[in-house]
Amino acid sequence: MMNHYDSPNWITEHVGATCPTVALAERNYASLAVLVGLPVATLRNLAYLPADGDHGEGLHSFRGHPLKRRFLRLAKRRHCPLCLKKSQYHRGIWDVVAVTVCPQHELVLREECPHCQESTTFSSGPVERCRKCQESLCDMKRPARATPHAIATARHIHQLVGETTDPGPSPFTGPLATLTLNDFVQVVMLMAARFSNRPYSTGDTVADDIAIDALHDAVAKGATLLEDWPTNFRRYLESVHKLESRPTNVISQFGPFYEVVLKQIPEGPLSFVREAFKSYLGQTWSGFVDGRNRYVLQAEQSFLTLKEASSRSGIGESRLRQLIESGDLMADEVVSGSRAFTRINPASLDRLMAARADLIGLTDAATLLGIKRATVHELVEAKIINAPHRPSAEGKGYWMLRFGAIEHLLETIQNRRQPAPPGTRQISFHGICALAGRHNIALADLVRAMAEGALTPIDETSDKGLKAFVFDHSQVLAWCDRTRKTHSAAITILEAAAMLGLKKGVVSHLLDLGRIKRVPKELQRGFYVIDPASVSAFHHDHLVASRIAKSLGTSASSLITLLGKHGIVPICGPEMDGSRQYIFAKSDLEGIDLVGLVADRLKRGRT
């Protein structure tokens, strides 16, 4: 032995104690102190005495640190052959269950003789010799190299008890860096249990009846989950989660680990493991949740179902789907069994609600203004009110308008109110709309005149929005006369469509193609942008295929096919440029006997 005594037996017999023993009587410490030349306090610190303040938890003092008795592996004493060869004495750190390697030599500790495989004990004979075969325990026969994770664990424990002079950076950061010796060993063995034959264990019984090699492997794998906390832990949970493509419930998915982490770990220093597990479930779990584990998800859930998001925001589920499709709301779709459901990111919903604080829907805007929804469209197109989200803007599938802009419009009109002299003839907003319609004046121009002060209210009623304002009849008539004269040089798309007998969309398409012309910019005002002369000319020079076909008693498609055989094609149409109607140039049809062509075709069809 390092102290040059014969054996542990000789020492204990000399001081009057029985070997093996964990704790000595007080008189034995005094005799031992005289024998080895060390203070009694130092010797007591080296013994595994019951820790002060132990309340039935089985805590013993290990180098002055409380440690559960179950975390001291004393049945089979371990050793590092190289350490034992250098100095023939047993290191107490080898007894800690989570220390399965020598961090200095990076070897897995042995707990049996390399020659006869007898379990190691230091109760009799020289420490460096096997008590059965008397061969040297220091022989490097079949050495097992330690894994980096087990080495890191051993080094961290050495640091905790102050048995290293060069600690270096530890991979155990965050909440693990502040754990006591007992708590650190506890959490390491808790994770090691996942890779042992004791998956239901909280770590206390993992080392029972397990060889050092298997324990080393379990500790190394368990330590891997604790490094870079909680990243590696979440990766492990993800790997377990993916084992079943269709998870049923939390317990069947995660097995004993669920029971241990969520139900058996007491509140205290190790709660961070339970919180990390709950956080993972809350963010990723999409399977069945029963009464036993519902509380886990309610506190940590990081997503909302469509119904929950609708209730929280006051937005309909169909509108929420539109927001998801347009990219305004972050969500994903998961499959659970045969069902698929949408999970919405709560933070994304909160941002949307904050952005929508000043936004209202089309129906609410129409109610606030006291007009029809279609009229709101006109005001938006005329840029009188702002609609950040609409079908024609950024591809949105819904309407959202600025509430503040609508309120500002109504307040501006109200602030221009000028009381009229008694006897002034009044006209309501509905009356103005009818009068403007008779003069072919768009409602958007009427509202713009109110906003710009060309029309000023003289009174208000109890109605809502624009309907509340009352105007001077003579002022309105004068405004209509001026506006009609201003607009005589231009017409709206709607008026052009009425002149041509076409749909509004077709006229817009013809305008884009340049078939009908716009008036110069200085003559354009609001919707009045089209040159009426170009519309009249287009009407004079072109014919709509459907009308020609109807007059000939055939279909438009048959007429187009028939004329195509003679090299006559429409100037526009659905299959040509995307226009909604086929239109022919009259000049292309000159000299063609349409009646004869159709009659001949019908005759051939009968034969």
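Each row is one residue, and each column tells you yes or no for (1) acidic (Asp, Glu); (2) surrounded by fewer than 19 Cβ atoms within 10 Å (Cβ to Cβ); (3) more than 23 Å from Ala449 (Cα to Cα).
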| site | (1), (2), (3) |
| --- | --- |
| Lys504 | no, yes, yes |
| Gln524 | no, yes, no |
| Ala533 | no, yes, yes |
| Ala549 | no, no, yes |
Inter-residue pairs, beta-carbon under 8 Å, first free of Cβ contacts under 8 Å to residues at least 60 places away in the same chain and among the β-branched types (Val, Ile, Thr) and in the range 459-484, second open to solvent by 40 Å² or more (accessible area, probe 1.4 Å) and not in a helix (DSSP H, G or I), 6+ apart: Thr461/Ser428; Val470/Gln426; Val470/Ser428; Val470/Asp459; Val470/Glu460; Val470/Thr461; Thr483/His439
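Yes or no: the range 78-89 includes at least one residue that is under 15 Å from Arg142 (Cα atoms), polar (S, T, N, Q) and open to solvent by 10 Å² or more (accessible area, probe 1.4 Å).
Taking the range 78-89 and keeping what is under 15 Å from Arg142 (Cα atoms), we get 79-82.
Cutting the leftovers down to polar (S, T, N, Q) gives us none.
No, that holds for no residue.
Among Arg292, Arg235, Arg274, Arg246, which is open to solvent by 40 Å² or more (accessible area, probe 1.4 Å) and either at pLDDT 80 or above or part of a helix (DSSP H, G or I) (or both)?
Only one candidate qualifies: Arg235.
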Selected residue [closer than 20 Å to Pro171 by Cα and in contact with a Phe, Trp or Tyr (Cβ under 9 Å, 6 or more places away or on another chain)] from Ala146, Ala152: Ala152
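Would it be correct to say that Thr153 is open to solvent by 60 Å² or more (accessible area, probe 1.4 Å) and at pLDDT 90 or above? Let's see the steps before the verdict.
Numbers: open to solvent by 60 Å² or more (accessible area, probe 1.4 Å): no; at pLDDT 90 or above: yes.
For Thr153, the condition - open to solvent by 60 Å² or more (accessible area, probe 1.4 Å) and at pLDDT 90 or above - is not met.
When the residues of the range 104-138 are narrowed to those that are in contact with a Ser or Thr (Cβ under 8 Å, 6 or more places away or on another chain) and closer than 20 Å to Phe71 by Cβ, which ends up surrounded by the most Cβ atoms within 10 Å (Cβ to Cβ)? Full working, then the answer.
Pass one, the range 104-138, residues in contact with a Ser or Thr (Cβ under 8 Å, 6 or more places away or on another chain): 108-113, 124-131, 137.
Filter once more, so that each one left must be closer than 20 Å to Phe71 by Cβ: 108-111.
Details: Val108: 23, Leu109: 26, Arg110: 24, Glu111: 20.
Among residues in the range 104-138 that are in contact with a Ser or Thr (Cβ under 8 Å, 6 or more places away or on another chain) and closer than 20 Å to Phe71 by Cβ, the one surrounded by the most Cβ atoms within 10 Å (Cβ to Cβ) is Leu109.
What about Val476, is it hydrophobic (A, V, I, L, M, F, W, C), open to solvent by less than 40 Å² (accessible area, probe 1.4 Å) and closer than 17 Å to Leu379 by Cα? If you could, list the steps in order and put the result at the bottom.
Details: hydrophobic (A, V, I, L, M, F, W, C): yes; open to solvent by less than 40 Å² (accessible area, probe 1.4 Å): yes; closer than 17 Å to Leu379 by Cα: no.
It is false that Val476 is hydrophobic (A, V, I, L, M, F, W, C), open to solvent by less than 40 Å² (accessible area, probe 1.4 Å) and closer than 17 Å to Leu379 by Cα.
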All positions within the range 452-505 that are of a type in the set (Ser, Thr, Tyr), modelled with pLDDT under 85 and out of contact with any Asp or Glu (no Cβ under 7 Å at 6 or more places or on another chain): Thr486, Ser488, Thr492
Number of the condition not met by Arg515 [criteria: (1) in a loop (DSSP other than H, G, I, E, B); (2) open to solvent by 50 Å² or more (accessible area, probe 1.4 Å); (3) modelled with pLDDT under 85]: (3)
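The values are calculated or read from the model by the stated rules, or taken from the named source; none is laboratory data. Source: prediction; values computed, not measured. Every residue, glycine as well, gets a Cβ built from its backbone with ideal geometry; the counts of neighbours run over all protein chains shown. In case anyone asks, the SASA skips ligands and DNA or RNA and just uses the protein heavy atoms, side chains included. Shrake-Rupley method; radii C 1.70, N 1.55, O 1.52, S 1.80 Å.
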